[in-house]
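Please treat every number below as a calculation from the coordinates, not as lab data. Just so we're clear, the structure is a prediction, and the values are computed from it rather than from any experiment. Because the Cβ atoms are built from the backbone with ideal geometry, glycine has one as well, and the counts that use them run over all protein chains shown.
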Amino acid sequence: MFGINKILLGGGVSANQKLVESFKSSIINKSAILIDDVLTTGATVSEAGKVLKKTGMSKVWVLAFAKEK
């Protein structure tokens with residue numbers, strides 16, 4: 001995961017945005033798969049996808065192992 005500092009992991013959206021900005025040149029025109037164990041409202045993967053697309057990632061896919069009813 002690009003040598004991510006432990007402080008940034010689980011730090012919420014603003015920390016994730018800082019992380020994405022720091023690796024911007026590495027992700028421009030690339031694709032990613034976001035993996036989630038349980039998809040509930042979809043808000044987390046939606047926001048993460050928006051941040052990645054805004055930064056320049058060409059495609060963002062989501063894989064969830066379960067969906068809450």
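Would you please put 30-38, 46-54 in order of how densely packed they are, using the mean number of other Cβ atoms within 10 angstrom per residue and starting with the highest?
Going from most to least packed, we get 46-54, 30-38.
How many nm separate the modelled label positions at I28 and L63, each set 7 Å beyond the Cα in the direction of the Cβ?
2.8
Distance cut-off 24 Å, Cα to Cα: go down the list K24/K50; K18/K54; K24/K67; K18/K50 and report the pairs above it.
Cα-Cα > 24 Å for K24/K67; rest within.
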